[in-house]
Amino acid sequence: MAHGTPSSSEEFEFWLNKAITWGEKTTLESQQDVCHHLPKLQEFLLQIYEIMNHMSPSVAIHRFPVIGQLLGRLCWNSFVIGHEDTRKALLNCLSCLHSNEPHSAVELKANKWIQNLLCHLFSSSDLGFHEDYKAIDQLGCMTSDYYEKLLKNIISSLIVLLRKDKTNPNSDKKEKKIVLSESAVLSLWLRHLPSLEKTVLDLFQKLIGIQSKSLKEMEQIIKDSFLVQAACHPSIFKIIDGVFRNALLECDGNFRVITVIRVFTHHFIKEYQKDNMQARFPLRAFFPCSNLALLMALLRVSLGLPFDVCLQHLQYITKMLKNEDGDKRSHGNVFESWFLLIHFGDWVDIAAEQLLTSESETSDDLLWLLAFYYNPSNENQERCRTMTEAREVHDTLIRLRRSVSISASDLKNIIEDGIKENNWDPCTLHLVRHLFVTFLIFSSEWHLITKDVIIYMTQTEEAANQVSDVLGRTLCRLDIPGMKNEPLIKIAYELLSSL
């Protein structure tokens, strides 16, 4: 072997010839030759990496014209990539050739080649190395066992590569350069759950941080994350839903967490129901702990349902939830039912709308549904108290809707009396704010004084966040092409903007 600098053409020629020879022969002798040269090969690759790491991809390709051919041949040799340190060195070199923002045909071609190579490494269990199976058998290994371990080693190496300390000047560059296809990401998440959990937590924290600003922005971030598409695989959905469940329990049902769950589920269902040629997993596989009849009822699309049909369906949902809430049911059953309801919380918003825009005799059922949503625990009759206090507010709002006089002070007095005299607990106060916002949006004759009332209602940060949340959800639900909701959308948007 020539012993020059790593950039010498003689040394590149030596290793390229070796790679060609190793690829053409599958004898035991050739594989022994691979093993014999692996330490020197690893050293050579690391030296090349240190040089290329300070270059742009196009400069690196120009400096080392045969680098692509060499790396490609080595990556297709199962004995080379079966050596952990050599495999890491290969991944390092590949990362230096990938351009985050390609500016030339050469960089575009290199990106495509690297992406295809990574897809090949992560694809099937046999990784496509059919030509090497005889040599593997000669070493006394089962082919399937060998490739399974090999795949795990490759994934572990990539994880290590992506997780390097950000204080390392090699790190930011790699994070920008390693771009995997969606199929490769899905394969990675299915085989390495910590990487999936980290992605879900990062998304969750980002959504919590921007929630008060815009639900539309939340929706876009969720769409761009690829987690919605990946969640169509039950194993991944369960991990995501598990993160949501733990967050919900740890924060005692915080409304911000609930909204994240609602928005994510909404887009997951849209992705799941897309027309495609692939066989879909049954929805039962995604919600194995839930009442199937309740799940199917909550999945029903409310858009376009006649008023009486929608009301009957809400009664049906409430009836099933009450059954789960019966004395013979455990606390776990109640939580699972509430957790499922949270995923499809649009029905709760629809119940509030129907409560305040109709004079239905079924208002008790709708109030129970709202009370259950905001206060699922009925210890010490807390939910019963919430429902009683919500009933008083509801009846007063209905009387005001019938009245010919419109006064902001009437609405302000309800809130003041409830807080100071009735000592509303946080669950009741949240429910009442929901009723007030719904009343102000769907009672057109009250639109002139809505801003005044909203400002009075949102004197604390918590109140402002809760009211913004209800306004944002209502806006998303009403803003549907083809529906004649322009006046309602306008007032909801104006109120949200005023906050």
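Residue ranking by accessible heavy-atom surface, 1.4 Å probe, largest first, among Glu84, Glu421 comes out as Glu421, Glu84.
Estimate the FRET efficiency between Asn53 and His233 by the formula 1/(1 + (r/R0)^6), using the beta-carbon distance for r and 45 Å for R0, to the nearest 0.05. The calculated FRET efficiency here is 0.80. Ranked by the mean number of other Cβ atoms within 10 Å of their residues, highest first, the peptides 485-492, 256-263 fall in the order 256-263, 485-492. Each residue of the stretch 232-245 is assigned a 3J(HN,Hα), and the resulting list reads 5, 9, x, 4, 6, 4, 5, 5, 4, 5, x, 5, 4, 4 Hz, derived from the Karplus form 6.51 cos²θ - 1.76 cosθ + 1.60 (θ = phi - 60°), x at Gly and Pro.
Modelled spin labels at Leu28 and Arg402, positioned 7 Å past Cα toward Cβ, are 9.7 nm from each other. When only alpha carbons of the stretch 339-415 are considered, Rg and Dmax amount to 13.7, 41 Å.
Accessible area of Cys35 (1.4 Å probe, protein heavy atoms only, ligands and nucleic acids ignored): about 80 Å². Here each label is just a point 7 Å from Cα along the line to Cβ, and for Cys251 and Arg280 those points are 2.9 nm apart.
Protein-only accessible surface at a 1.4 angstrom probe places the residues Ser363, Ser302 in the order Ser302, Ser363, largest first. With Rg and the Kirkwood Rh both taken from Cα atoms, where does Rg over Rh land for the stretch 343-487? Reported Rg/Rh (Cα atoms, Kirkwood Rh): 0.94.
Surface calculation, 1.4 Å probe, protein heavy atoms: Ile449 sits at approximately 40 Å² accessible.
Across the stretch 363-377, rounded Karplus estimates of 3J(HN,Hα) from the backbone phi angles (6.51 cos²θ - 1.76 cosθ + 1.60, θ = phi - 60°) give 4, 4, 5, 5, 5, 4, 4, 5, 5, 5, 5, 8, 8, x, 7 Hz, Gly and Pro being marked x. The slack in the chain from Lys319 to Phe226, taken as 0.36 nm per residue of separation less the alpha-carbon distance, amounts to 29.8 nm.
Ignoring ligands and nucleic acids, what accessible area does Lys319 show with a 1.4 Å probe (Å², nearest 10)? The value for Lys319 is about 130 Å².
Residue ranges 400-409, 281-290 sort as 281-290, 400-409 when ordered by packing (mean number of other C-beta atoms within 10 Å per residue, highest first). Between Ile20 and Glu486, the simple label model (points 7 Å from Cα in the Cβ direction) yields a spacing of 7.2 nm.
How big is the shadow of the Cα convex hull of the stretch 422-495, averaged over all directions, in nm²?
On the way: hull surface 20.5 nm².
For the stretch 422-495, averaging the hull's shadow over all directions gives 5.1 nm².
One decimal place: the segment Gln115-Asp395 gains 94.5 nm when fully extended, by the rule 0.36 nm per residue minus the C-alpha distance. The stretch 188-247 and the stretch 54-100 have Cα centres separated by 32 Å.
The values are calculated or read from the model by the stated rules, or taken from the named source; none is laboratory data. Nothing here was measured: the structure is a model prediction, and the numbers come from that model. A quick note on method: Cβ atoms are made from the backbone with ideal geometry, for glycine too, and the neighbour counts reach across all protein chains shown. We work out accessible area using only protein heavy atoms, side chains counted, and drop any ligands, DNA or RNA first. Shrake-Rupley method; radii C 1.70, N 1.55, O 1.52, S 1.80 Å.
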